Amino acid sequence: MHNSILIRGLIVILLSFTISFSAKANSTSEEKQITVVFRFDDYSSRSSTDIEIKLIDTFQKYNACCTFGVIPYVCAGNIHDTRPQHIVPLTSVKADILINAIKVGVLEVALHGYSHQTIRESMYYGSTEFSGLDYNAQVNKIAKGKKCLEKILDTYPTMERL
Ligand SMILES: [Zn+2]
C-alpha cells in the first residue's frame, strides 16, 4: 500500500509541474506570474512517515508550501478490497508531524476522504470511496473526517479533496 500511495503522491506532484510548464509555454508575456501548487495525497497512519518527513523538510528548505491530503481513518487493509475492514485513526505521532509543519508555514491540510477504501469500482470514477453511496452516508463520512482533523489539528482543513 505504501508504494502505491507514494506513487500516487508523486504523480500529483509531477502533474503539478506539468501543468505549470504548460501554463508557461502558453504564456504570451514574460512577466506573467505562474503559481505552482504542490499536493501530496494519502497521508495517514499507514503511509510512509520517513518519506513524508523528507518532503516536509525539503519544502521547508526551499521556503515552499505543500498541501497534504490526509486520510483521517485509513482502512487497515488494501484500499481496493471492498470487503468490510477495520479503520486506523490518525495517530498522535502523525498528527504532531502535521501540526509542526503547519506552525512553520510549510503545510496546509486537506481532507482526503474518510478511510480511502474503495466501496465499488465505477465506470466513470474508477475506484471510489463515495460514488454510489447514499447522500446521507456520504455527508456523514465527510463530516466525521472533517471533525477528526479539526479536533486533532485544532484548525479547519483548508480544503476537501475527495
Ligand atoms: Zn488518495
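Data for the structure
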| read-out | value |
| --- | --- |
| Neighbour-limited loop hits for trypsin sites (Lys or Arg not before Pro), the stretch 68-162 (at most 14 other Cβ within 10 Å; DSSP other than H, G, I, E, B) | Arg161 |
| Built amide H within the under 5 Å cut-off of Gly69, gap 5+ | Phe40, Asp41, Asp42, Tyr43, Ala110 |
| From phi via Karplus (6.51, -1.76, 1.60), per-residue ³J(HN,Hα) for the stretch 94-103 in Hz, x at Gly/Pro | 5, 5, 4, 4, 5, 4, 5, 5, 5, 4 |
| Net charge, Thr58 excluded, C-beta distance under 14 Å - Lys, Arg +1, Asp, Glu -1 | -1 |
| Low-density loop positions, chymotrypsin sites (Phe, Trp or Tyr not before Pro), the stretch 75-133 - DSSP coil, at most 14 other Cβ in 10 Å | Tyr124, Tyr125 |
| Entries in Lys103/Lys151; Lys54/Lys94; Lys61/Lys103; Lys94/Lys146; Lys94/Lys151; Lys32/Lys61 that, when Cα-Cα distance is taken, lie over 18 Å | Lys32/Lys61 |
| The stretch 60-77 - phi-based ³J(HN,Hα) in whole Hz, Karplus 6.51/-1.76/1.60, Gly and Pro as x | 5, 4, 9, 6, 10, 10, 9, 9, 9, x, 9, 9, x, 9, 5, 5, 6, x |
| Karplus 3J(HN,Hα) series, Hz, for the stretch 80-86 with 6.51 cos²θ - 1.76 cosθ + 1.60 (x for Gly, Pro) | 8, 7, 7, 6, x, 9, 6 |
| Among beta bridges that DSSP assigns inside the stretch 36-120, antiparallel share in %, nearest 5 | 25 |
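No lab work stands behind these numbers, since they all come straight from the coordinates. Keep in mind that what you see is a predicted model, and the values were worked out from it rather than measured. Counting neighbours? That spans all protein chains shown, and the Cβs are built from the backbone with ideal geometry, glycine included.
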